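Everything on this sheet refers to the single structure shown next.
Each reported figure results from applying straightforward, stated rules to the coordinates on display, with no laboratory input. Computed from a predicted model, the values in this text were never measured in an experiment. Cβ placement follows ideal geometry from the backbone for every residue including glycine, while neighbour counts extend to all protein chains displayed.
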Amino acid sequence: MDNMKLDQIKHIGPICALKVISNNLLLSGEGPTLSLYDYIKGEKIFERLVFKRNKIHGIEIINSSNDIEDDIKIVIWGGRSLSIFTLNNFKDLNYEIPHYGVSDWIFHCLFENESTLHVLNSHNIVHTVSLLNDNCKLINTKHCGWKSILYSGTISINKETGKITVLAGTVMNGILIWDFETCQVKHNLTEHEGSIFKVVASPDNKYIISCSDDRSIKVWDMETGELLANGWGHGSRIWGLNVYNISNDGFNIFSCSEDCTARVWRFNFHDNYNNGELIQERIILVHTGRHVWSLDLNDEKKLGFTAGADGKIFVSDLNESQRDGYWGHKWELNDISNEINCVFQKGELIKNYSDFGYGLIAVTSEGKIMILKDYKKWKLLFIDDKFAKFCILKIFENEPIVIIAGKMGDCILMKFNENCEIEIKHEFNLNDSFNRLGNILINGYDDNYFALFESPNPNDPLIYKKIDPINLSILESYELLKPKDKITISSLEYNKVSNMLFVGCRFATMLVYKIENENEKNQPLVVYKNLFKGDTVSSIKSLYDNSNNTMLYITNKDGTYHIMKINENSTYEYLQSSKIQKGFLEGHIKTPNGDILLYGFKSDCFFVWNETKQYEVYREICGGPHRRWNFKYWFDSNNRLRYRFVYTRSSEVQIVQQGEPYAFELLSDGLHGREIRDICVINSQNNNDEKIIITGAEDTTLKISTLKNDGTFNSHWTYREHIGGLQSIHAINDEYILSSSAKEELYLWKITECDNKKCMSLESSLPPSEENPDLRVMDFDSIEVYDKINGKKIGFLIVTVYSNSMIKVIYYDIASKKFKVLIDDNYMQCCIFHVRFVCIDKRLFVLIASTNGHLSIYDINNVIGKYFSIDDSNIKEVKLSLNDNKFEEINESTKLDKLIINQQIHQSSVKALDILQETNGCIKVITGGDDNSIIVSKITKDEGLKFDIESFLPSAASSTITTVTVIDEKTVLVGAVDQSIKLWNIENGLTLVDNKYTTVADTGCSEIASFKNGEKYLLIGGAGFSIWKITN
Amino acid sequence: MGKSSKDKRDLYYRKAKEEGWRARSAFKLLQLNEQFDLFNDVKRVVDLCAAPGSWSQVLSKEIFKDKNNSDAKIVAVDLQPMSPIDNVIELQADITHPKTLEMIMHHFDGEKADFVCSDGAPDVTGLHDLDEYIQAQLILSALQLATCILKTGGKFVAKIFRGRDIDLLYSQLGYLFDKVICAKPRSSRASSLEAFIVCIGYRPRNGWIPSLNSNLSTEEFFQDLKIGRNSLNNELNLEFNDEERIVAPFIACGDLNSIDSDATYALDEDDNINIQINSLSLDPVQSPTAPPYKKALELKRKGQLKIVK
């Protein structure tokens, strides 16, 4: 008997408790594990499993009398468990963490002093525990007479008087406030509707702050119980609340919600508590999926900490305007007019801004050219009618060189020094080329600077000019012919690998030029049309790696972005494609650590979004269309993004420059914010030490990540292509994967690698056959198809099963990227959960498992044999080759051959299935059901096929078995919703090999990653994700 | 039970409207009864967490169809009001309150009940451990009343979530009933954690006399029952791992040919399953009660809510 066993090495999942313990340390409850972070350095210092089963739902601390950090006493609780230890104990692995419990769910714990702890349970009862001599002893139990069930509660101590108050949030409408000493109910606050999810007291104990199912935040007077103010805004239930920034005129409230946001509110004492309304000051959008479960604050440093179902821990700066280097200001046109001592005409507006690093240059609609020196003081540079009404103003990214141009083609190049004075100026015009100017795009690389001039006349060529950065003279000038189609240029990039100039245009078009001949007219080398669904190529940037490929990052104004690889023969492919949830993209930024940031506008906001880590970096409300704006960014010595944003809003010029951040933004990356529905593992094409992991979740996103053979896990990209609820993801081979969902979506993805990240791009999708949005592609399987003569991979045979009992067998042709349906039929009327191709004695069958508890097998050899033959292959892998037919010759669909086996094995749904091919003539099918049972069935070659049940275990888990994964010839992994993960030996009946409990609730999928060096990992998905090491 | 495009395609939902049930959950009880013959010889029934009343409807229809049962009594209890149902006595009351027990006993003329059921569930938060705990508390409150009112040999049926600690509950119920079964009707989706605990043959514990007391929490009520529950002690050393865990046998109920709640049915396939639908958008039989976030929705409609996604 082998001793295979499982050990958890990583868990990512919902975080339900956060606690700031000092100006650099944060504790976080990540399932049963407690982690300690340094949020100044942005690193995890320590983590340790503190509970056996329960998740940590709360953390409280008390500072020691000697003020030594290591002596801080910590209480953690979750479910009925609690534990008390010092920070030093926690970090000392020789110290055994004590484990205590009460008989009821705990909602809050509070240290009255270092030796007394109060514990509030879900029946509104407070247990008082003595902590003397490091022993835990129950000394008292108190209640107010109302032992109704609670959804929340807090024990609050008035630091001045020492008076303790219990705030209890019931499941129906009411909040009970009772005095701990007398056990008298002071108030029963009933103005909320539904369950109360959080109720806290302000630190001075004068106010009660609560939230409920009704999506409002309410502030009450602790003394009178009077409702003082309401805060409306959260789009869903509110889970957490805290108070900070108390002053003489009010305080702030920090809240977090099911709507995936955290919000900052202001409660003002004056004006009758702002007429009973909380002011919503800020929305923080840094979590994904659903639920921001926990929050905490550092009131002194004004930092807000949030964590959610996505396993991400984020630090929001709640006092940005007080940081070193912050600069925010608004100027009305009048202010500017006074400063420059020059009157603005009626209706005169600032039309353009450019930030050259020392200051800002701005042009008004009447041709006033102004400088905002050091971003503080306005100066008039000159006034020139040529630049009135229409003016183009552009600035090179890395040099303070500005180009300004008027409608008639008059241009001025200017270079500024640190004092915002013009160092060199060079004037020229474009009269030789065209008599009207439409647009200018500029770009540079290394020491090369160039501009592209466009005329509104479609017959005029584009003019390319190279500029000397020292004396601003024109070094070269070329004419670039435009194609006949309507062309409006929008973005420009020179690529050094190919020496080609890429011009992005409207109508999803891109022109490519090779600039070689000064005298002749340069025709475009290629014109790419319909690059994507959308209108404008808003930015192009070269991507240089070691590969010598021509690669570009391009953004589409309509929200998609791509990594485009241009082949030698000018054809192109997307290595990476994805889109943002909402909004318009103007460009992207690559940070020094490789993160990709996208920026643009959504509704009335400018935003910067970290696409790699999936959080909003910056948001500025800047008004609707016809925006005037300039976004300038750089990286500080810690490689952190810094930025300055200038915009006009209601004719005011506004500037915001971010200051020195106090803390690190992201402490934990997390993964999906909703339940993970499937996991797919494939080999990395050129690295045996890593596997590529694709996960798909309830929120319809897919993520691509890597798992190294030392257990490190990193997520690279997120995909939002699916609209329907995700069902399955499986690999076809190491290059292609398929994913399926509701709305009958079946997507084929190609996996590649570039820019040090694993990437995917949607290669093709199977057109839906019905319009029913509920129709789910439940599962599928595939076999590779080879060319009979040259042995090359040419396609895949795919079988799909659906929630309406439909079964399809489809052939996919790699070259044409097209699907052809060969078989289209129905099983019965029930939902089919699983499908596999099985090969028994060189004959191909389709095996399905459904909600009716049956295993069913169809013989498909008659249909498949027409086009394909089964190659001599090993038992692990079936290979087909396409007979003499060509893809075009494959006929339209037929029905399935006869159902040769239709055997009920489970009482109801077969929820989990995996297959073990024992020999060429025999397979074992291991299934798990809604009926808690595991069944091992054997299918062998007979005259037809012979079906036997080899083993059956009725109560293999205490609830639905949702995942079965074969580990080796004799071992399977079985996971169930009761959060058990068990290894079973299936050689002789079913023998339990190992039994572990996973913190991943809604346990739903599992996969094995086996490395060449023998390391084996188990991946578990559900409401969270965990990685286990399998050892023998 | 609102109406949405999903509901239109949910055949149990449509069938419920067709047949006049207030919620699709009626079929769950019907299928449970098909399997366990729950209503046989049953004259005194308590339906807990009864609103909107679909289980009471089933009870009323099935029990009173036998003419010998015209003296049967069904009491439906809920905190929420419920529109009247034939042969059902409605009580708007808290099931944990001793007065409620008195009122039920009064209606039963002092006799004990043959059958207690509860289809209640809390609003789930998404925190699985908390949701399962609150659901277990709801079952315990129902069981609390059941232990006071069930006659020896009586039956108890309640909705459960089959999560990580369900085996604790199975084990505890095993002390009180001859048979404890986990049943899943086909009308309950396979993708949902929901199932039903069917407890047959109530066996009161020797020497333990249950009495409802509003001063006791459910935990305290069961404290001395010795059914394997951990209880509070002075050292707070609950040995969670020593609590008994048993897996109750699973039985799927409902005919295999009945409607599959996980399957997608096309609208034009209705004829095959004998459902005549006059119009696509049927009004719910029982209007949904006002949700707690009604005001938030109103503000949103008026554009007064700043919700950014």
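Points to keep in mind about this one:
- Sequence-distant contacts, meaning Cα pairs under 8 Å at least 6 residues apart, place the relative contact order of chain A at 7 percent.
- Residues whose amide H lies under 5 Å from that of A:Glu918, counting only those 5 or more places away or on a different chain, are A:Ile923, A:Lys924; hydrogens are built 1.01 Å from N in the peptide plane.
- Ranked list, fewest to most other Cβ atoms within 10 Å of each Cβ, for A:Thr1031, A:Thr718: A:Thr1031, A:Thr718
- Theoretical ellipticity at 222 nm over the protein assembly as shown - DSSP helices of four or more residues, -39500 (n - 2.57) apiece, nearest 500: -2500 deg cm²/dmol
- For the protein assembly as shown, a simple Cβ point-charge model (Lys and Arg +1, Asp and Glu -1, everything else neutral) yields a dipole of about 1620 debye relative to the Cα centre.
- Residue-wise HN-Hα coupling along the range B:132-148, computed from phi with Karplus coefficients 6.51, -1.76, 1.60 (Hz; x: Gly, Pro): 5, 5, 5, 5, 4, 5, 5, 5, 5, 5, 5, 5, 4, 5, 4, 5, 7
- Taking other residues whose beta carbon is less than 9 angstrom from the beta carbon of A:Trp239, and scoring Lys, Arg as +1 and Asp, Glu as -1, yields +1.
- Charge dipole of chain A about the Cα centre (unit charges at C-beta), most positive-ward option of A:Ser498, A:Gly1014, A:Gly406: A:Gly406
- Exposure proxy ranking, count of Cβ atoms within 10 Å, fewest first, for A:Ile340, A:Ile1030: A:Ile340, A:Ile1030
- Within chain B, longest stretch clear of exposed GluC sites (Glu not before Pro) (DSSP loop, no more than 15 other Cβ within 10 Å): B:112-234
- Note, ³J(HN,Hα) from phi for the range A:762-778, Karplus 6.51, -1.76, 1.60, rounded to Hz, x at Gly and Pro: 5, 8, 6, 9, 6, x, x, 9, 9, 9, 5, x, 7, 5, 9, 7, 6
- Dipole moment magnitude, nearest 20 debye, the range A:485-579 about Cα centre, only Lys, Arg, Asp, Glu C-beta charged: 320 debye
- Among the listed pairs A:Lys5/A:Lys982; A:Lys911/A:Lys996; A:Lys590/A:Lys757; A:Lys52/A:Lys970, a Cα-Cα separation exceeding 18 Å is found for A:Lys911/A:Lys996; A:Lys52/A:Lys970.
- The protein assembly as shown shape via C-alpha gyration tensor axes, a/c threshold 1.5: oblate
- Taking Cβ atoms as reference points and 12 Å as the exclusive limit, the residues near A:Phe390 contribute a net charge of +2, counting Lys and Arg as +1 and Asp and Glu as -1.
- Going by neighbour counts of Cβ atoms within 10 Å, the residues B:Leu11, A:Leu738 line up, fewest first, as B:Leu11, A:Leu738.
- Around the amide H of A:Ile515, modelled in the peptide plane, lie the amide H atoms of A:Leu501, all under 5 Å away and 5 or more residues distant in sequence or on another chain.
- Positive-pole candidate from A:Ser668, B:Gln223, B:Ala296, dipole of the protein assembly as shown, charges at beta carbon: B:Ala296
- In a DSSP loop and with at most 16 other Cβ atoms within 10 Å, the trypsin sites (Lys or Arg not before Pro) in the range A:451-495 are A:Lys484, A:Lys486.
- Of the trypsin sites (Lys or Arg not before Pro) found in the range A:352-382, those in coil by DSSP whose Cβ has at most 15 other Cβ atoms within 10 Å are A:Lys376.
- Sparsely packed loop sites in the range A:83-163 (the trypsin sites (Lys or Arg not before Pro) outside DSSP H, G, I, E and B with at most 10 other Cβ atoms within 10 Å) comprise A:Lys159.
- Each residue of the range A:828-834 was assigned a 3J(HN,Hα) from its phi angle through the Karplus curve 6.51 cos²θ - 1.76 cosθ + 1.60 (θ = phi - 60°); the sequence is 9, 10, 9, 7, 9, 8, 9 Hz, with glycine and proline shown as x.
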